[in-house]
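Working notes for the structure below.
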There are 2 protein chains.
Amino acid sequence: MDSLDTYFQSIAKGCEPANLYDPINYILSQDGKRIRPRLVMLAAELFGVNPDEVKHVAAAFEMLHNFTLIHDDIMDEAPIRRGMPTVYRQWNSNIAILAGDALAIMALQELLKAPCDDATKIKISDLFARTSLEICEGQQYDLDFETMDHVSIDDYIKMIRLKTAVMLAGCLKSGAIFAQASEADQQAMYDYGIHIGIAFQLKDDILDLYSDTQVFGKMTGGDIKENKKTYLYLTALKDADAQQRQTLLHYFSSTDFDQEQKIQAVKDIYESLKVKEKTEQAINLYAAKALSSLQAVSVSEDRKNKLYELANTLVSRDK
Amino acid sequence: MDSLDTYFQSIAKGCEPANLYDPINYILSQDGKRIRPRLVMLAAELFGVNPDEVKHVAAAFEMLHNFTLIHDDIMDEAPIRRGMPTVYRQWNSNIAILAGDALAIMALQELLKAPCDDATKIKISDLFARTSLEICEGQQYDLDFETMDHVSIDDYIKMIRLKTAVMLAGCLKSGAIFAQASEADQQAMYDYGIHIGIAFQLKDDILDLYSDTQVFGKMTGGDIKENKKTYLYLTALKDADAQQRQTLLHYFSSTDFDQEQKIQAVKDIYESLKVKEKTEQAINLYAAKALSSLQAVSVSEDRKNKLYELANTLVSRDK
């Protein structure tokens, strides 16, 4: 990803107006995980294409991802991202809205630079647009859930599929489309992406509460503080006895509680209900589904090592 | 435009989540001027293409325009648009950010539906992306100007070229590209669009102050209230004597003045400096440039009647 990092450091540098392009330069220069471009490249490589050839598509998805972060951080009032102030905190909301808009458009421009035939480019653009729209749907469901009394675990999985998983799936399928893989293989790559995407988000739910702030790059317990209905919370609510349920609903009814006390009280209930373990079981289930989708891809198993490894890395990561 | 209105009324109807698609349905169903799709269709028709064939491209630009309105209204804190509450006022800022994002993506999807060969589709998509990015640049300059001490009239024209004119130019050139017009004709159509676009925005500056609120659909004097550095204000500042200059700078230093008194005081200075007449002269100059660009298009003059008429309509409109 080094060449991509170098590319991102130059892409918006010195462009005018500075208040539009500096925030873009700021977020693209951050030390991100670069999972999405890696998926595009791994998928292309799996079907015999030099990963460097697909770098514009890879860059486009990373830019799309960063656009969603800029806007989501405004909506979620998130102060810190990757250990740095979020764009809207570093500048202001108006600048963050507009920088996000511009970055989404630059992502499309990046995609249109891909060195492939026009039909392939349009296929990838179609997928890119559908993916982007589904991410908006996922974010809106996420916002809706904040004020809904009843959210089922199925609703939650649907939301994170849209908000997180379709992007990873879109990356993998785009790499496959670029490499002219068969439709069946494109679909298997997409399904692999959906399953690791869901596992990835469930892992994120765990890391939000159970991780080292320094390593994770943001405060722990943020989801509890913000009354986010995560997999952890919904699992706890489903399995709680009457008193635990009352305590959970009480603490999730307001953000005015003493934060440390609230986080500890909720964490205690999670512990007694083994919520972390149950979430890890769900992660393992989705990881297994992902591996099964990957097995269905008609490429010899030894060429899939990096993708198997990546699935493991995402599940066992600590940030 | 009737068929487009009908199309827009159905495009997001009943889609889920409602909080994402209802605002899109709300803004697309409003009684807009539909200038942009009309330009796409007129351009295609000029080069012998049935306007109905280009309707997806036309719809895409209207959707792109409405995306910019949703986000701009958040940034400008505009309460009313087309006589109705703006999206962020009718719902809230978060919903407006996300609905705008989704609408921009739907615009791209609409564009990708255009019934033309892949190479043409990519050419139009390239132009669509560049245009969208320039609009963001224009909006950022506009925001920057709010806190800048010195803005020249040239700076202002550059800003409105980006914020308003490139979209009209993009519509006209897209229609020409779709119709396989020569590169020279594509460029002449683009130039025509830039010039009517600038004239259009200068007219908007006049209408903001000198129009019937009922007809215009928003409060008059909003630009003065918000200390917007419009063509009117910059012309006044340029031509003002020392005392008038001091009065203008005084009133434009804060939004805390009594609004009616402020608007009247500024309007009095504008009147004594003939600012409205000077702006009308500038409009006529850009309108003349537009007509000159249109003359350069290699199509017989009698087929250009609708475009000449449109230029006149935009310049003499009262809303």
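The values are calculated or read from the model by the stated rules, or taken from the named source; none is laboratory data. Nothing here was measured: the structure is a model prediction, and the numbers come from that model. We place every Cβ from the backbone using ideal geometry, glycine too, and count neighbours over all the protein chains shown.
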message = Name the residue that is surrounded by the fewest Cβ atoms within 10 Å (Cβ to Cβ), counting only residues in region B:139-148 that are farther than 21 Å from B:Asp239 by Cβ and more than 9 Å from chain A (Cβ to nearest Cβ).
response = B:Thr147
task = Could you please find all residues in region B:270-296 being aromatic (Phe, Trp, Tyr) and within 14 Å of B:Ile194 (Cα to Cα)?
result = B:Tyr286
Conditions (1) at the interface with chain B (Cβ under 10 Å from one of its Cβ atoms); (2) within 19 Å of A:Phe61 (Cα to Cα); number of the one not met by A:Pro115 = (1)
inquiry  = Which pairs turn up if I take residues in region B:27-56 that are among the small types (Gly, Ala, Ser) and look for partners that are crowded, with 18+ Cβ neighbours inside 10 Å and not in a helix (DSSP H, G or I) with beta carbon separation below 7 Å, at least 6 apart in sequence or on another chain?
reply    = B:Ala44/B:Ala179; B:Gly48/B:Ala179
inquiry  = Looking at B:Gln109, B:Gln140, B:Gln186, can you tell me which residue is in a helix (DSSP H, G or I) and more than 30 Å from B:Ala282 (Cα to Cα)?
reply    = B:Gln109
inquiry  = If I go through region B:149-177 residue by residue, how many of them are within 11 Å of chain A (Cβ to nearest Cβ) and outside any helix (DSSP H, G or I)?
reply    = 0
task = May I ask you to list pairs of residues, at least six apart or on different chains, whose Cβ atoms are under 9 Å apart, with the first in region B:86-101 being within 11 Å of another protein chain (Cβ to nearest Cβ) and over 14 Å from A:Gln139 (Cβ atoms) and the second being surrounded by fewer than 18 Cβ atoms within 10 Å (Cβ to Cβ) and modelled with pLDDT under 95?
result = B:Tyr88/B:Glu77
inquiry  = All but one of (1) at the interface with chain A (Cβ under 8 Å from one of its Cβ atoms); (2) surrounded by 17 or more Cβ atoms within 10 Å (Cβ to Cβ) hold for B:Arg130; state the number of the condition that does not hold.
reply    = (2)
task = State all residues of region B:174-188 that are of a type in the set (Ser, Thr, Tyr) and either touching an Asp or Glu at 6+ places or on another chain (Cβ under 9 Å) or surrounded by fewer than 22 Cβ atoms within 10 Å (Cβ to Cβ) (or both); if no residue qualifies, say none.
result = B:Ser182
message = All but one of (1) over 20 Å from the mean Cα position of the chain (by Cα); (2) closer than 25 Å to B:Glu137 by Cα; (3) modelled with pLDDT under 95 hold for B:Gln259; state the number of the condition that does not hold.
response = (2)
Single unsatisfied condition, B:Cys136 versus (1) in contact with a Leu (Cβ under 9 Å, 6 or more places away or on another chain); (2) more than 9 Å from chain A (Cβ to nearest Cβ) = (2)
ask   = Do you know which residues across region B:93-132 are farther than 30 Å from A:Asp144 by Cα and under 19 Å from the mean Cα position of the chain (by Cα)?
value = B:Leu127, B:Phe128, B:Ala129, B:Arg130, B:Thr131
inquiry  = Need the failing condition index for B:Leu111 against (1) in contact (Cβ under 8 Å) with a residue 24 or more places away in the chain; (2) within 20 Å of B:Asn19 (Cα to Cα); (3) surrounded by 22 or more Cβ atoms within 10 Å (Cβ to Cβ), just the number.
reply    = (2)
request  = Could you check, for region A:284-296, whether at least one of its residues is under 30 Å from A:Gln243 (Cβ atoms) and either of a type in the set (Asp, Glu) or buried (at least 17 other Cβ atoms within 10 Å of the Cβ) (or both)?
outcome  = no
request  = Determine, yes or no, whether A:Ile122 is modelled with pLDDT of 95 or more and at the interface with chain B (Cβ under 9 Å from one of its Cβ atoms).
outcome  = yes
key: Condition check for B:Ser211: among the polar types (S, T, N, Q) and under 17 Å from B:Leu307 (Cβ atoms)   = no
ask   = How many residues does region A:270-280 hold that are free of Cβ contacts under 8 Å to residues at least 12 places away in the same chain and surrounded by 13 or more Cβ atoms within 10 Å (Cβ to Cβ)?
value = 1
request  = Scan the helices (runs of 4 or more DSSP H) fully inside region B:7-85 and keep the ones with 1 or more residues being within 14 Å of chain A (Cβ to nearest Cβ), under 17 Å from the mean Cα position of the chain (by Cα) and among the aromatic types (Phe, Trp, Tyr).
outcome  = B:55-75
task = Pairs only if they're at least six apart or on different chains, beta carbon under 8 angstrom, first in region A:148-161 and under 18 Å from A:Ile196 (Cα atoms), second aliphatic (A, V, I, L, M) and surrounded by 15 or more Cβ atoms within 10 Å (Cβ to Cβ); list them, first residue then second.
result = A:Ile153/A:Leu234; A:Tyr156/A:Leu234; A:Ile157/A:Ile198; A:Ile160/A:Ile198; A:Ile160/A:Leu202; A:Arg161/A:Ile194; A:Arg161/A:Ile198
ask   = With respect to B:Pro79, is the statement that it is touching an Asp or Glu at 6+ places or on another chain (Cβ under 6 Å) and surrounded by fewer than 21 Cβ atoms within 10 Å (Cβ to Cβ) true?
value = no
